[in-house]
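Below is one structure; the comments refer to it alone.
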Amino acid sequence: MPTAFITGVTAGIGEAAAREFVGSGWHVVGTGRRVERLDALKAELGDALHPCTFDVRDEAARDAAIAALPEGFRDIDLLINNAGLALGLEPAQAASIDKWKTMIDTNVTALVSITRALLPGIVERKGAIINLSSVAASYPYPGGNVYAGTKAFVRQFSLDLRCDLIGTGVRVTSIEPGMVETEFTLVRTGSQEVSDKLYGGVNPMTAEDIAATMLWVATLPPHLNINALELMPVNQAWQGFAVHREG
């Protein structure tokens, strides 16, 4: 039975991915900060899920959790770096440096750190890595500043991993979604009204859509690698250039 290590399973895409992979016969190591949500997911998914309660930024807690993995969950075949966040929509000159650092610590530093920790075993098993990036990695927008920068890093890190891992059999994919209706915007803005307005009438993608895509990528023939995969709902596309007119 293959084993996936999925970060951030207490909400949104990570939670949907845990359900998707367990439902397809995988063992899942699921990480998260919220004990009550992890407990609820464990009660739902049963023995196929091994919950690990830690903040991905806490390397000591992460290492302890990995070292304590029980038999049946120790050999990681797939790492899904899902945990991440966006904070604030202010322009750069008004943004909070603390929020910027939190996004960098979570979306970049923690992601590369956990990847490095698990990579030797994934190489040994000719496994795979799926990193959750965003269309923000490619398309700038006002207020994206550091969040978009972190997702551009995730995309480039994924591609460069492919270069380093050539010949090992390890596959690496950057998944880059557009509008997915989860708690993401609520966390970013703190407003249910703003979240509802953003997604209203769009028929956005769901967490389950992205989870199913991850499973598809993970179960492709081992000689085939999806380097990067960009997804949008049909009702989302690109805007034109911003132009400021003086006078």
**Q.** Residue count, the stretch 224-247 (criterion: touching a residue at least 60 places away in the same chain (Cβ under 8 Å) and more than 19 Å from P140 (Cβ to Cβ))
**A.** 2
Q: Would you check if T173 is under 17 Å from Y141 (Cβ atoms) and either within 21 Å of the chain's Cα centre (by Cα) or part of a helix (DSSP H, G or I) (or both)?
A: no
Q) Of the conditions (1) of a type in the set (S, T, N, Q); (2) within 25 Å of F54 (Cα to Cα); (3) open to solvent by 20 Å² or more (accessible area, probe 1.4 Å), T173 fails just one. Which one is it? A) (3)
Q: Go through the residues of the stretch 137-146 one by one and say whether even a single one is of a type in the set (V, I, T), surrounded by 16 or more Cβ atoms within 10 Å (Cβ to Cβ) and assigned to a strand (DSSP E or B).
A: no
Q. Among A137, A128, which is the only one that is touching a residue at least 60 places away in the same chain (Cβ under 8 Å) and within 19 Å of the chain's Cα centre (by Cα)?
A. A128
Q | Subset tally (residues that are in a helix (DSSP H, G or I) and either open to solvent by 80 Å² or more (accessible area, probe 1.4 Å) or basic (K, R) (or both)) for the stretch 199-226 | A | 2
(Q) I'd like to verify a number: residues in the stretch 159-177 that are free of Cβ contacts under 8 Å to residues at least 24 places away in the same chain and under 14 Å from L79 (Cα atoms), how many? (A) 0
Q: Check whether at least one residue in the stretch 77-97 is closer than 30 Å to G143 by Cα, of a type in the set (S, T, Y) and over 20 Å from the mean Cα position of the chain (by Cα), and report yes or no.
A: yes
Q) Within the stretch 155-166, can one find any residue that is of a type in the set (S, T, Y) and either open to solvent by 40 Å² or more (accessible area, probe 1.4 Å) or part of a loop (DSSP other than H, G, I, E, B) (or both)? A) no
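Please specify each residue of the stretch 1-45 satisfying the condition of being small (G, A, S) and under 18 Å from N82 (Cα atoms).
Quick first cut of the stretch 1-45, residues small (G, A, S) only: 4, 8, 11-12, 14, 16-18, 23-25, 30, 32, 40, 43.
Selection gives A4, G8, A11, G12, G14, A16, A17, A18, G30, G32.
The values are calculated or read from the model by the stated rules, or taken from the named source; none is laboratory data. Because the structure is predicted, anything quoted here is derived from the model rather than measured. All Cβ positions, glycine included, derive from the backbone under ideal geometry; neighbour counts span all protein chains shown. Calculation scope for accessible area: heavy atoms of the full protein, side chains included, ligands and nucleic acids excluded. Shrake-Rupley method; radii C 1.70, N 1.55, O 1.52, S 1.80 Å.
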